[in-house]
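Data first, discussion second: the structure below is written as C-alpha coordinates.
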Amino acid sequence: MAMRWDLLVLHPEDDVAVALRDLEAGEAIARCGEALAPLQLCAPVPLGHKVARHAIEPGQHVRKYGAVIGEATAPIAAGAHLHVHNMRSLRARKRGEEQQ
Amino acid sequence: MGIAPEFLGYPRADGSAGTRNRLLVLSILGLTGAGAQRIARQVPGALLVALPYGRGQFGEDRAMTRRMLIGLGRNPNAGAVLLVGADRQRLDIVAEGIMASGKRVEAIALDDVHEDSLALSDRGVRLAAALARDMSRARRVPLPASLLRLGTECGHSDATSGLGANPLAGLVADRLVDAGGAAVFGETMEWLGAEHVLAARAQTPEIGRAIVDAVAQRERWAAATGEDLTGNNPGAENIRGGLSSIEEKSLGAIAKGGSRPVQGVLPHAAPIPGPGLWVMEGPSFSPPSVTGFVAAGCNMTMFTTGPGNSYCDALAPTVKVTVNPKTAARLHHQIDFDGSGLMRGTREPEDAADALFAQLLDHASGTRTWGEVLDEGGYAFARLGADF
(Lines give C-alpha, C1' and ligand atoms only; values in the text may rest on other atoms or scores of the structure.)
Protein backbone atom coordinates (compact mmCIF):
# COMPACT_ATOMS: atom_id res chain seq x y z
CA MET A 1 0.00 0.00 0.00
CA ALA A 2 1.31 3.44 -0.89
CA MET A 3 2.41 5.66 1.99
CA ARG A 4 0.23 8.60 2.92
CA TRP A 5 1.04 11.49 5.28
CA ASP A 6 -1.20 13.92 7.19
CA LEU A 7 0.98 16.94 7.85
CA LEU A 8 3.75 18.71 5.96
CA VAL A 9 6.87 20.35 7.40
CA LEU A 10 7.65 23.11 4.87
CA HIS A 11 11.30 23.55 5.88
CA PRO A 12 13.54 21.19 7.88
CA GLU A 13 14.27 23.89 10.52
CA ASP A 14 10.57 24.57 11.17
CA ASP A 15 9.02 24.27 14.64
CA VAL A 16 5.64 23.43 13.12
CA ALA A 17 3.98 20.91 10.83
CA VAL A 18 0.88 21.96 8.86
CA ALA A 19 -2.27 19.83 8.58
CA LEU A 20 -3.04 18.76 5.00
CA ARG A 21 -6.65 18.01 5.93
CA ASP A 22 -8.89 18.18 9.01
CA LEU A 23 -7.23 15.83 11.50
CA GLU A 24 -8.51 14.13 14.66
CA ALA A 25 -6.47 13.97 17.88
CA GLY A 26 -4.08 11.03 18.08
CA GLU A 27 -1.38 9.49 15.92
CA ALA A 28 -0.55 11.26 12.67
CA ILE A 29 2.31 11.18 10.15
CA ALA A 30 4.31 14.28 9.20
CA ARG A 31 6.42 14.53 6.08
CA CYS A 32 9.66 16.49 6.30
CA GLY A 33 11.72 16.37 3.10
CA GLU A 34 12.27 12.70 2.33
CA ALA A 35 11.47 11.54 5.87
CA LEU A 36 8.19 10.53 7.49
CA ALA A 37 7.82 10.89 11.26
CA PRO A 38 4.95 10.11 13.66
CA LEU A 39 3.43 13.04 15.57
CA GLN A 40 0.94 12.63 18.41
CA LEU A 41 -1.76 15.32 18.05
CA CYS A 42 -3.13 16.67 21.38
CA ALA A 43 -6.37 17.92 19.80
CA PRO A 44 -8.20 17.99 16.46
CA VAL A 45 -6.47 20.29 13.92
CA PRO A 46 -8.20 21.81 10.86
CA LEU A 47 -6.66 21.92 7.37
CA GLY A 48 -3.96 24.56 7.06
CA HIS A 49 -3.45 24.90 10.83
CA LYS A 50 -0.15 24.33 12.62
CA VAL A 51 1.00 21.75 15.13
CA ALA A 52 4.14 22.10 17.29
CA ARG A 53 6.78 19.49 16.40
CA HIS A 54 8.35 19.84 19.84
CA ALA A 55 7.74 21.71 23.11
CA ILE A 56 8.07 25.52 22.82
CA GLU A 57 8.56 27.92 25.76
CA PRO A 58 6.83 31.32 26.03
CA GLY A 59 8.89 34.00 24.27
CA GLN A 60 10.58 31.49 21.95
CA HIS A 61 10.47 32.22 18.24
CA VAL A 62 8.26 30.03 16.05
CA ARG A 63 9.62 29.09 12.63
CA LYS A 64 7.72 28.13 9.47
CA TYR A 65 9.02 28.28 5.84
CA GLY A 66 12.44 28.33 7.56
CA ALA A 67 11.71 31.84 8.90
CA VAL A 68 10.36 33.35 12.12
CA ILE A 69 6.58 33.88 11.97
CA GLY A 70 6.17 35.09 15.58
CA GLU A 71 6.78 34.16 19.21
CA ALA A 72 5.06 31.82 21.65
CA THR A 73 2.88 33.56 24.28
CA ALA A 74 2.26 30.40 26.37
CA PRO A 75 3.94 27.03 26.93
CA ILE A 76 3.22 24.85 23.86
CA ALA A 77 3.48 21.08 24.09
CA ALA A 78 4.69 18.85 21.27
CA GLY A 79 1.66 17.95 19.16
CA ALA A 80 -0.39 20.96 20.34
CA HIS A 81 -2.37 23.22 18.04
CA LEU A 82 -0.36 26.41 17.52
CA HIS A 83 -2.32 29.52 16.56
CA VAL A 84 -3.29 33.04 17.72
CA HIS A 85 -4.15 31.73 21.22
CA ASN A 86 -0.54 30.79 21.97
CA MET A 87 1.62 32.79 19.52
CA ARG A 88 1.73 36.34 18.19
CA SER A 89 3.32 38.34 15.41
CA LEU A 90 6.60 40.12 16.15
CA ARG A 91 5.91 42.59 13.39
CA ALA A 92 2.44 43.63 14.56
CA ARG A 93 3.66 43.89 18.18
CA LYS A 94 6.58 46.11 17.14
CA ARG A 95 4.17 48.28 15.18
CA GLY A 96 1.80 48.52 18.17
CA GLU A 97 4.64 49.64 20.48
CA GLU A 98 5.72 52.30 17.99
CA GLN A 99 2.22 53.74 18.03
CA GLN A 100 2.05 53.96 21.86
CA MET B 1 22.39 16.97 -13.93
CA GLY B 2 20.50 15.66 -16.93
CA ILE B 3 20.34 17.33 -20.31
CA ALA B 4 19.60 21.06 -20.34
CA PRO B 5 15.83 21.64 -20.53
CA GLU B 6 14.49 22.95 -23.84
CA PHE B 7 11.26 24.16 -25.39
CA LEU B 8 10.11 24.93 -28.92
CA GLY B 9 9.95 28.67 -29.37
CA TYR B 10 10.24 31.54 -31.84
CA PRO B 11 13.73 33.10 -31.83
CA ARG B 12 13.56 36.92 -31.95
CA ALA B 13 15.98 39.50 -33.33
CA ASP B 14 16.99 40.75 -29.86
CA GLY B 15 17.91 37.26 -28.62
CA SER B 16 14.66 36.71 -26.71
CA ALA B 17 12.21 33.89 -27.45
CA GLY B 18 8.50 33.88 -28.19
CA THR B 19 6.33 31.13 -26.78
CA ARG B 20 3.58 32.47 -29.05
CA ASN B 21 3.58 34.42 -32.29
CA ARG B 22 0.78 36.97 -32.05
CA LEU B 23 0.12 40.09 -34.06
CA LEU B 24 -0.34 42.79 -31.43
CA VAL B 25 -2.71 45.63 -32.28
CA LEU B 26 -1.75 48.21 -29.65
CA SER B 27 -3.94 51.29 -29.24
CA ILE B 28 -1.87 53.81 -27.30
CA LEU B 29 -4.61 56.35 -26.59
CA GLY B 30 -8.13 56.16 -25.23
CA LEU B 31 -9.42 57.89 -28.38
CA THR B 32 -8.54 55.04 -30.72
CA GLY B 33 -9.71 51.93 -28.85
CA ALA B 34 -12.81 51.36 -30.98
CA GLY B 35 -10.97 51.83 -34.27
CA ALA B 36 -8.22 49.48 -33.11
CA GLN B 37 -10.83 46.92 -32.07
CA ARG B 38 -12.34 47.00 -35.59
CA ILE B 39 -8.88 46.32 -37.00
CA ALA B 40 -8.13 43.43 -34.64
CA ARG B 41 -11.51 41.79 -35.28
CA GLN B 42 -10.89 41.68 -39.02
CA VAL B 43 -7.51 39.94 -38.76
CA PRO B 44 -8.00 36.53 -37.11
CA GLY B 45 -5.34 35.79 -34.52
CA ALA B 46 -4.62 39.47 -33.86
CA LEU B 47 -4.60 40.50 -30.21
CA LEU B 48 -6.01 43.88 -29.21
CA VAL B 49 -4.50 45.76 -26.27
CA ALA B 50 -5.98 49.22 -25.80
CA LEU B 51 -4.76 51.80 -23.29
CA PRO B 52 -7.95 53.49 -22.02
CA TYR B 53 -6.27 56.87 -21.29
CA GLY B 54 -2.96 58.48 -22.32
CA ARG B 55 -3.23 62.26 -22.03
CA GLY B 56 -2.95 64.41 -18.94
CA GLN B 57 -0.44 62.07 -17.32
CA PHE B 58 2.71 63.39 -15.69
CA GLY B 59 5.89 62.31 -13.96
CA GLU B 60 6.35 58.69 -12.95
CA ASP B 61 2.76 57.89 -13.95
CA ARG B 62 3.47 58.89 -17.55
CA ALA B 63 6.85 57.18 -17.54
CA MET B 64 5.27 53.95 -16.28
CA THR B 65 2.54 54.01 -18.95
CA ARG B 66 5.21 54.48 -21.65
CA ARG B 67 7.21 51.58 -20.19
CA MET B 68 4.11 49.41 -20.36
CA LEU B 69 3.29 50.30 -23.98
CA ILE B 70 6.86 49.80 -25.17
CA GLY B 71 7.34 46.70 -23.01
CA LEU B 72 4.16 45.02 -24.27
CA GLY B 73 5.21 45.81 -27.84
CA ARG B 74 8.68 44.35 -27.23
CA ASN B 75 7.34 41.22 -25.55
CA PRO B 76 8.69 38.30 -27.61
CA ASN B 77 5.23 36.71 -27.85
CA ALA B 78 4.28 39.54 -30.21
CA GLY B 79 5.66 38.70 -33.66
CA ALA B 80 4.85 42.16 -35.01
CA VAL B 81 3.01 45.23 -33.77
CA LEU B 82 0.49 47.60 -35.30
CA LEU B 83 0.36 50.80 -33.26
CA VAL B 84 -2.82 52.87 -33.37
CA GLY B 85 -2.99 56.39 -31.97
CA ALA B 86 -4.12 59.93 -32.61
CA ASP B 87 -0.91 61.77 -33.32
CA ARG B 88 2.45 60.92 -34.86
CA GLN B 89 4.46 62.35 -31.97
CA ARG B 90 3.24 59.81 -29.39
CA LEU B 91 3.24 56.98 -31.91
CA ASP B 92 6.86 57.68 -32.84
CA ILE B 93 8.02 57.54 -29.21
CA VAL B 94 6.41 54.13 -28.69
CA ALA B 95 7.38 52.83 -32.15
CA GLU B 96 11.04 53.73 -31.66
CA GLY B 97 11.07 52.04 -28.27
CA ILE B 98 9.68 48.82 -29.75
CA MET B 99 11.74 48.87 -32.96
CA ALA B 100 14.96 49.08 -30.93
CA SER B 101 14.40 45.35 -30.35
CA GLY B 102 14.49 44.73 -34.10
CA LYS B 103 10.76 44.00 -34.23
CA ARG B 104 8.61 45.00 -37.18
CA VAL B 105 6.24 47.84 -36.28
CA GLU B 106 3.67 49.74 -38.32
CA ALA B 107 1.80 52.74 -36.98
CA ILE B 108 -1.33 54.58 -37.98
CA ALA B 109 -2.59 57.89 -36.60
CA LEU B 110 -5.99 59.53 -36.68
CA ASP B 111 -4.13 62.64 -37.89
CA ASP B 112 -3.07 60.67 -41.01
CA VAL B 113 -6.72 60.14 -42.02
CA HIS B 114 -8.10 63.55 -41.01
CA GLU B 115 -9.70 62.21 -37.82
CA ASP B 116 -11.84 59.68 -39.77
CA SER B 117 -12.07 56.57 -37.58
CA LEU B 118 -13.46 54.41 -40.42
CA ALA B 119 -10.57 55.40 -42.66
CA LEU B 120 -8.25 54.62 -39.75
CA SER B 121 -9.56 51.09 -39.41
CA ASP B 122 -9.64 50.52 -43.19
CA ARG B 123 -6.00 51.50 -43.55
CA GLY B 124 -5.18 49.69 -40.34
CA VAL B 125 -6.66 46.39 -41.53
CA ARG B 126 -4.48 46.52 -44.64
CA LEU B 127 -1.35 47.17 -42.56
CA ALA B 128 -2.29 44.49 -40.03
CA ALA B 129 -3.00 41.94 -42.78
CA ALA B 130 0.45 42.47 -44.30
CA LEU B 131 2.10 42.10 -40.88
CA ALA B 132 0.12 38.96 -40.09
CA ARG B 133 1.12 37.35 -43.38
CA ASP B 134 4.82 38.19 -43.01
CA MET B 135 5.10 37.11 -39.38
CA SER B 136 3.49 33.76 -40.15
CA ARG B 137 6.86 32.78 -41.66
CA ALA B 138 8.27 32.37 -38.15
CA ARG B 139 8.91 28.74 -37.13
CA ARG B 140 9.38 27.16 -33.73
CA VAL B 141 12.84 25.75 -33.09
CA PRO B 142 14.36 24.03 -30.04
CA LEU B 143 15.58 26.70 -27.60
CA PRO B 144 17.10 26.50 -24.12
CA ALA B 145 14.77 27.03 -21.16
CA SER B 146 17.14 29.83 -20.14
CA LEU B 147 15.17 32.01 -22.58
CA LEU B 148 11.99 31.64 -20.55
CA ARG B 149 10.90 34.64 -18.48
CA LEU B 150 8.31 33.48 -15.97
CA GLY B 151 5.99 35.69 -13.94
CA THR B 152 4.46 34.00 -10.89
CA GLU B 153 1.23 35.28 -9.39
CA CYS B 154 -1.41 34.07 -6.95
CA GLY B 155 -5.06 35.03 -7.04
CA HIS B 156 -7.96 34.06 -4.78
CA SER B 157 -6.01 32.23 -2.12
CA ASP B 158 -7.13 29.79 0.54
CA ALA B 159 -5.39 27.65 3.17
CA THR B 160 -3.95 25.41 0.44
CA SER B 161 -2.18 28.31 -1.31
CA GLY B 162 0.57 29.09 1.18
CA LEU B 163 0.83 25.46 2.18
CA GLY B 164 1.01 23.81 -1.23
CA ALA B 165 0.44 25.81 -4.41
CA ASN B 166 2.80 28.72 -3.78
CA PRO B 167 5.71 26.57 -2.54
CA LEU B 168 5.12 24.38 -5.63
CA ALA B 169 5.31 27.42 -7.94
CA GLY B 170 8.46 28.41 -6.05
CA LEU B 171 10.08 25.04 -6.72
CA VAL B 172 9.34 25.53 -10.43
CA ALA B 173 10.78 29.07 -10.34
CA ASP B 174 13.92 27.59 -8.72
CA ARG B 175 14.21 25.01 -11.50
CA LEU B 176 13.93 27.72 -14.15
CA VAL B 177 16.50 29.98 -12.43
CA ASP B 178 18.86 27.01 -12.07
CA ALA B 179 18.46 26.38 -15.82
CA GLY B 180 19.58 29.97 -16.50
CA GLY B 181 16.14 31.52 -16.99
CA ALA B 182 14.45 34.35 -15.13
CA ALA B 183 11.48 34.48 -12.78
CA VAL B 184 9.71 37.49 -11.32
CA PHE B 185 7.00 38.04 -8.76
CA GLY B 186 5.42 41.25 -7.52
CA GLU B 187 2.53 42.36 -5.30
CA THR B 188 4.65 44.56 -3.00
CA MET B 189 2.06 44.66 -0.22
CA GLU B 190 2.21 40.88 0.07
CA TRP B 191 5.88 41.14 1.11
CA LEU B 192 4.76 43.11 4.20
CA GLY B 193 5.93 41.18 7.25
CA ALA B 194 8.33 39.03 5.24
CA GLU B 195 10.35 41.83 3.66
CA HIS B 196 13.26 41.10 6.04
CA VAL B 197 13.35 37.49 4.78
CA LEU B 198 13.30 38.63 1.15
CA ALA B 199 15.92 41.29 1.93
CA ALA B 200 18.17 38.65 3.51
CA ARG B 201 18.01 36.74 0.20
CA ALA B 202 18.99 39.79 -1.85
CA GLN B 203 22.17 39.59 -3.90
CA THR B 204 23.51 42.81 -2.28
CA PRO B 205 22.62 44.88 0.82
CA GLU B 206 21.44 47.70 -1.49
CA ILE B 207 18.88 45.40 -3.09
CA GLY B 208 17.78 44.32 0.38
CA ARG B 209 17.22 47.94 1.37
CA ALA B 210 15.27 48.55 -1.85
CA ILE B 211 12.93 45.68 -0.92
CA VAL B 212 12.29 47.10 2.57
CA ASP B 213 11.87 50.63 1.15
CA ALA B 214 9.35 49.44 -1.47
CA VAL B 215 7.11 48.01 1.26
CA ALA B 216 7.51 51.11 3.45
CA GLN B 217 6.54 53.32 0.51
CA ARG B 218 3.32 51.36 -0.11
CA GLU B 219 2.55 51.47 3.63
CA ARG B 220 2.90 55.27 3.54
CA TRP B 221 0.63 55.49 0.50
CA ALA B 222 -1.95 53.38 2.30
CA ALA B 223 -1.60 55.40 5.52
CA ALA B 224 -2.23 58.60 3.53
CA THR B 225 -5.66 57.21 2.60
CA GLY B 226 -6.37 56.21 6.22
CA GLU B 227 -5.64 52.48 5.80
CA ASP B 228 -3.49 50.61 8.35
CA LEU B 229 -2.12 47.58 6.55
CA THR B 230 -0.74 45.75 9.60
CA GLY B 231 -3.54 46.47 12.07
CA ASN B 232 -6.09 43.84 11.01
CA ASN B 233 -3.85 41.63 8.91
CA PRO B 234 -4.21 38.64 8.73
CA GLY B 235 -7.97 39.02 8.49
CA ALA B 236 -10.63 36.84 10.08
CA GLU B 237 -10.82 34.50 7.07
CA ASN B 238 -7.02 34.07 7.08
CA ILE B 239 -7.11 33.24 10.80
CA ARG B 240 -9.86 30.65 10.27
CA GLY B 241 -7.61 29.16 7.58
CA GLY B 242 -4.80 28.76 10.11
CA LEU B 243 -2.66 31.88 9.57
CA SER B 244 -1.49 33.33 12.91
CA SER B 245 0.57 36.38 11.87
CA ILE B 246 1.30 38.79 9.03
CA GLU B 247 4.77 37.23 8.75
CA GLU B 248 3.26 33.80 8.15
CA LYS B 249 0.77 35.10 5.58
CA SER B 250 3.44 36.95 3.61
CA LEU B 251 5.91 34.06 3.72
CA GLY B 252 3.18 31.93 2.13
CA ALA B 253 2.70 34.54 -0.58
CA ILE B 254 6.37 35.04 -1.43
CA ALA B 255 6.91 31.27 -1.47
CA LYS B 256 5.71 31.42 -5.10
CA GLY B 257 9.00 33.13 -6.02
CA GLY B 258 11.10 30.24 -4.83
CA SER B 259 14.28 30.40 -2.80
CA ARG B 260 16.97 31.78 -5.10
CA PRO B 261 18.83 35.08 -4.45
CA VAL B 262 16.92 38.23 -5.43
CA GLN B 263 18.77 40.03 -8.24
CA GLY B 264 16.94 43.32 -7.94
CA VAL B 265 13.73 45.27 -7.38
CA LEU B 266 12.21 46.27 -10.71
CA PRO B 267 9.94 49.27 -11.01
CA HIS B 268 6.50 48.22 -12.29
CA ALA B 269 6.72 47.07 -15.94
CA ALA B 270 10.49 47.70 -16.18
CA PRO B 271 12.41 45.22 -18.39
CA ILE B 272 13.91 42.14 -16.71
CA PRO B 273 17.67 42.81 -17.07
CA GLY B 274 18.91 39.20 -17.05
CA PRO B 275 18.61 35.72 -15.59
CA GLY B 276 17.74 34.92 -11.97
CA LEU B 277 14.93 35.79 -9.58
CA TRP B 278 13.59 39.36 -9.61
CA VAL B 279 10.91 41.11 -7.61
CA MET B 280 8.68 43.79 -9.13
CA GLU B 281 7.29 46.74 -7.19
CA GLY B 282 3.63 46.96 -8.05
CA PRO B 283 -0.03 46.47 -7.24
CA SER B 284 -1.42 43.27 -5.73
CA PHE B 285 -4.49 42.83 -7.93
CA SER B 286 -3.72 40.17 -10.53
CA PRO B 287 -4.63 41.94 -13.81
CA PRO B 288 -2.31 44.97 -13.39
CA SER B 289 0.30 42.89 -11.55
CA VAL B 290 0.59 40.27 -14.32
CA THR B 291 0.46 42.92 -17.07
CA GLY B 292 3.51 44.47 -15.40
CA PHE B 293 5.38 41.15 -15.67
CA VAL B 294 4.44 40.79 -19.34
CA ALA B 295 5.55 44.34 -20.12
CA ALA B 296 8.82 43.40 -18.39
CA GLY B 297 9.30 40.64 -20.97
CA CYS B 298 7.70 37.57 -19.40
CA ASN B 299 6.83 35.03 -22.09
CA MET B 300 5.04 32.70 -19.63
CA THR B 301 3.04 33.22 -16.45
CA MET B 302 2.15 30.80 -13.70
CA PHE B 303 -0.86 31.51 -11.53
CA THR B 304 -1.72 29.70 -8.32
CA THR B 305 -5.21 29.69 -6.85
CA GLY B 306 -7.11 28.14 -3.96
CA PRO B 307 -10.85 28.19 -4.75
CA GLY B 308 -10.23 29.13 -8.42
CA ASN B 309 -9.59 32.25 -10.49
CA SER B 310 -10.22 32.49 -14.21
CA TYR B 311 -7.92 35.47 -14.91
CA CYS B 312 -5.21 34.85 -17.51
CA ASP B 313 -2.85 37.11 -19.38
CA ALA B 314 -3.68 37.84 -23.02
CA LEU B 315 -0.09 37.70 -24.34
CA ALA B 316 1.87 35.37 -22.04
CA PRO B 317 0.17 31.95 -21.60
CA THR B 318 -0.98 31.49 -18.02
CA VAL B 319 -0.54 28.07 -16.44
CA LYS B 320 -3.20 27.82 -13.74
CA VAL B 321 -2.22 25.74 -10.72
CA THR B 322 -4.15 24.53 -7.69
CA VAL B 323 -3.46 21.96 -5.01
CA ASN B 324 -6.98 22.17 -3.57
CA PRO B 325 -8.62 18.79 -4.41
CA LYS B 326 -12.14 20.26 -4.57
CA THR B 327 -11.06 23.06 -6.89
CA ALA B 328 -9.19 20.67 -9.17
CA ALA B 329 -12.26 18.42 -9.41
CA ARG B 330 -14.75 21.28 -9.88
CA LEU B 331 -12.85 23.52 -12.34
CA HIS B 332 -11.70 21.03 -14.92
CA HIS B 333 -11.66 23.64 -17.73
CA GLN B 334 -9.75 26.23 -15.72
CA ILE B 335 -7.01 24.35 -13.85
CA ASP B 336 -4.05 23.40 -16.05
CA PHE B 337 -2.09 21.63 -13.32
CA ASP B 338 -3.73 19.59 -10.58
CA GLY B 339 -1.31 19.32 -7.66
CA SER B 340 -3.90 18.00 -5.22
CA GLY B 341 -1.75 14.94 -4.50
CA LEU B 342 0.25 17.32 -2.29
CA MET B 343 -2.81 17.90 -0.08
CA ARG B 344 -3.80 14.25 -0.11
CA GLY B 345 -0.38 13.45 1.32
CA THR B 346 0.42 11.08 -1.53
CA ARG B 347 2.70 13.17 -3.76
CA GLU B 348 6.07 14.65 -2.86
CA PRO B 349 6.50 18.38 -3.59
CA GLU B 350 9.68 17.77 -5.62
CA ASP B 351 7.91 15.19 -7.80
CA ALA B 352 4.99 17.57 -8.43
CA ALA B 353 7.46 20.37 -9.25
CA ASP B 354 9.24 18.20 -11.83
CA ALA B 355 5.88 17.49 -13.51
CA LEU B 356 4.79 21.14 -13.42
CA PHE B 357 8.13 22.34 -14.85
CA ALA B 358 7.77 19.81 -17.69
CA GLN B 359 4.23 21.05 -18.30
CA LEU B 360 5.43 24.67 -18.32
CA LEU B 361 7.91 23.76 -21.09
CA ASP B 362 5.12 21.98 -22.96
CA HIS B 363 2.84 25.03 -22.83
CA ALA B 364 5.80 27.24 -23.79
CA SER B 365 6.21 24.97 -26.83
CA GLY B 366 2.66 25.64 -28.02
CA THR B 367 0.24 23.44 -26.11
CA ARG B 368 -2.59 25.76 -25.23
CA THR B 369 -3.63 26.50 -21.67
CA TRP B 370 -7.32 26.38 -20.73
CA GLY B 371 -7.25 30.17 -20.57
CA GLU B 372 -6.08 30.33 -24.18
CA VAL B 373 -8.59 27.72 -25.38
CA LEU B 374 -11.40 29.69 -23.75
CA ASP B 375 -9.99 33.15 -24.61
CA GLU B 376 -9.91 34.29 -20.97
CA GLY B 377 -6.87 36.50 -21.53
CA GLY B 378 -6.91 40.06 -20.22
CA TYR B 379 -4.64 42.95 -19.34
CA ALA B 380 -4.78 46.05 -17.15
CA PHE B 381 -2.68 49.20 -17.00
CA ALA B 382 -1.66 50.19 -13.46
CA ARG B 383 -1.53 53.90 -12.58
CA LEU B 384 0.53 55.97 -10.18
CA GLY B 385 -1.24 59.29 -10.23
CA ALA B 386 -4.26 61.39 -10.97
CA ASP B 387 -5.31 62.53 -14.45
CA PHE B 388 -4.86 66.22 -15.14
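The values are calculated or read from the model by the stated rules, or taken from the named source; none is laboratory data. Here the structure is a predicted model, which means the values were calculated and not measured. Reconstructed Cβ throughout: ideal geometry from the backbone, glycine too, with neighbour counts over all protein chains shown.
So the values come out like this:
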read-out	value
Flag for B:L356 being closer than 25 Å to B:G252 by Cβ and either within 17 Å of the chain's Cα centre (by Cα) or in a helix (DSSP H, G or I) (or both)	yes
Tally of residues being within 14 Å of chain A (Cβ to nearest Cβ) and surrounded by fewer than 16 Cβ atoms within 10 Å (Cβ to Cβ) across region B:196-211	1
Of all residues making up region B:223-280, the number that are hydrophobic (A, V, I, L, M, F, W, C), more than 9 Å from chain A (Cβ to nearest Cβ) and either under 30 Å from B:P76 (Cα atoms) or under 22 Å from the mean Cα position of the chain (by Cα) (or both)	11
Residue count, region A:16-31 (criterion: closer than 16 Å to B:V323 by Cα and either more than 10 Å from chain B (Cβ to nearest Cβ) or surrounded by fewer than 22 Cβ atoms within 10 Å (Cβ to Cβ) (or both))	2
Within region A:33-56, tally of residues that are outside any loop (DSSP other than H, G, I, E, B), within 11 Å of another protein chain (Cβ to nearest Cβ) and within 22 Å of B:G241 (Cβ to Cβ)	3
B:A194 vs. criteria closer than 19 Å to B:T19 by Cβ and in contact with a helix residue (DSSP H, G or I) (Cβ under 7 Å, 6 or more places away or on another chain)	no
Candidate set: region B:349-375, residues that are of a type in the set (D, E) and on the phi < 0 side of the Ramachandran plot; chosen: the one farthest from the other protein chains (Cβ to nearest Cβ)	B:E372
Any hit, region B:368-387, residues being of a type in the set (S, T, N, Q), within 24 Å of A:G33 (Cα to Cα) and buried (at least 20 other Cβ atoms within 10 Å of the Cβ)	no
One residue from B:S101, B:S121, B:S117 being surrounded by fewer than 17 Cβ atoms within 10 Å (Cβ to Cβ) and either of a type in the set (S, T, N, Q) or in the same structural domain as B:F293 (by TED's automatic domain parsing) (or both)	B:S117
Residue within region A:8-15 that is farther than 24 Å from B:A200 by Cα and within 8 Å of another protein chain (Cβ to nearest Cβ) present	yes
Failed condition for B:T346, given (1) over 26 Å from B:P52 (Cβ atoms); (2) more than 14 Å from chain A (Cβ to nearest Cβ); (3) out of contact with any Asp or Glu (no Cβ under 9 Å at 6 or more places or on another chain)	(2)
Test set (1) modelled with pLDDT under 95; (2) within 14 Å of another protein chain (Cβ to nearest Cβ) - B:G162 fails condition number	(1)
Residue check for B:R140: outside the structural domain of B:A34 (by TED's automatic domain parsing) and at pLDDT 95 or above	yes
